[in-house]
Each structure stands twice: as structure tokens, then as C-alpha cells.
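K.L.:
If you scroll down you'll find the structure; I have some questions about it.
The values are calculated or read from the model by the stated rules, or taken from the named source; none is laboratory data. Note that the structure is a prediction, hence the values are computed from the model and not measured. Positions of Cβ are generated from backbone atoms using ideal geometry, with glycine treated the same way; all protein chains shown enter the neighbour counts. We work out accessible area using only protein heavy atoms, side chains counted, and drop any ligands, DNA or RNA first. Shrake-Rupley method; radii C 1.70, N 1.55, O 1.52, S 1.80 Å.
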Amino acid sequence: MYIAMNRFRVVPGYEEAFEAVWRDRQGRLAELPGYIEFHMLKGPKAEDHSLYASHTVWETFEHFKAWTTSEQFRAAHANAGNNRGKIEYLSGPHFEGFEVIIHEDKNGVRAADAA
């Protein structure tokens, strides 16, 4: 599995607008092979920002890469520029990608043990 994360540092007072943009956004991830799930996470508040992270899970890194070059990716990000002025960030999104090396399900079964 591969997990792709983007961290967003939203300026105080813009949290509601940020969350609304993500709630109202048309999801296109499920149209892609290898997509497993998406989460938008709300983290702690600091004096100068509220932390958020988007988190997608893919079967493989190759599936994730295919998403980044897909028509669905372009469509999902087409209106990003329309949010200027509606939302303020300390800086642009910070991407982090992770190859899953251990996966344990809710029953305590690890993927490698399930074979």
C-alpha cells in the first residue's frame, strides 16, 4: 500500500471556508484503479494556524502516480485557484508520501500474516 498526505496550515478564521471547499468538492478518486480510501484530518490549532491533512490510501505507489497524471486529478484540482481570497494559508500544501511496510487490521491481523 501507499499513503499520500498533504498538510495544510490554514490561517485562523479561515477554517470554516477551508472545510466547506473540501466538503463541497466532487470526489473523483473512486474512478481510479487502486484507490482505497480518503480522509481529511483536522489537527491541532497553533497561534498562527490550524493544521489539516488530506490522506489517500492506494494499493500501490504506481496507482497513486497514475492518479496524479489522470483526467480525474486535473478535474479535481481545476477550481483550486478560485479559492484565493476565500482561504488563507501560511504556505502551500506540504506533500508527504509513505510506502506501507506494516499493516494491521482491526482484528490484529497483519497483511503479511494473512497470506
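K.L.:
When you scan segment 28-47, do you find a residue that is open to solvent by 40 Å² or more (accessible area, probe 1.4 Å) and in a helix (DSSP H, G or I), even just one?
P.N.:
yes
K.L.:
Would a scan of segment 87-98 turn up a residue that is at pLDDT 95 or above, open to solvent by 50 Å² or more (accessible area, probe 1.4 Å), in contact with a Ser or Thr (Cβ under 9 Å, 6 or more places away or on another chain) and assigned to a strand (DSSP E or B)?
P.N.:
No: segment 87-98 contains no residue that is at pLDDT 95 or above, open to solvent by 50 Å² or more (accessible area, probe 1.4 Å), in contact with a Ser or Thr (Cβ under 9 Å, 6 or more places away or on another chain) and assigned to a strand (DSSP E or B).
K.L.:
Here is a further query. Please determine, by comparing only the residues of segment 20-41 that are charged (D, E, K, R) and either in contact with a helix residue (DSSP H, G or I) (Cβ under 6 Å, 6 or more places away or on another chain) or touching a residue at least 12 places away in the same chain (Cβ under 8 Å) (or both), which one is farthest from Ala78 (Cα to Cα). Don't jump to the end; show me each part of the working.
P.N.:
Looking only at segment 20-41, we keep the residues that are charged (D, E, K, R), and these are 23-25, 28, 31, 37.
If we keep only those that are either in contact with a helix residue (DSSP H, G or I) (Cβ under 6 Å, 6 or more places away or on another chain) or touching a residue at least 12 places away in the same chain (Cβ under 8 Å) (or both) as well, we get 25, 28, 31, 37.
Working: Arg25: 11, Arg28: 12, Glu31: 17, Glu37: 21 Å.
By that ranking, first place goes to Glu37.
K.L.:
Suppose the filter is among the hydrophobic types (A, V, I, L, M, F, W, C), over 13 Å from the mean Cα position of the chain (by Cα) and assigned to a helix (DSSP H, G or I); does Ala76 pass it?
P.N.:
no
K.L.:
If the requirement is being in contact with a Gly (Cβ under 8 Å, 6 or more places away or on another chain) and either within 29 Å of Arg110 (Cβ to Cβ) or among the aromatic types (Phe, Trp, Tyr) (or both), which of these qualifies: His63, His39? Don't jump to the end; show me each part of the working.
P.N.:
Details: His39 fails: in contact with a Gly (Cβ under 8 Å, 6 or more places away or on another chain).
Sole residue among the options that is in contact with a Gly (Cβ under 8 Å, 6 or more places away or on another chain) and either within 29 Å of Arg110 (Cβ to Cβ) or among the aromatic types (Phe, Trp, Tyr) (or both): His63.
K.L.:
Quick check: anything in segment 84-93 among the basic types (Lys, Arg) and under 16 Å from the mean Cα position of the chain (by Cα)? Outline the logic, then answer.
P.N.:
As a first pass, look at segment 84-93 and keep what is among the basic types (Lys, Arg): 84, 86.
Next cut, under 16 Å from the mean Cα position of the chain (by Cα) only: none.
Within segment 84-93, none of the residues are among the basic types (Lys, Arg) and under 16 Å from the mean Cα position of the chain (by Cα).
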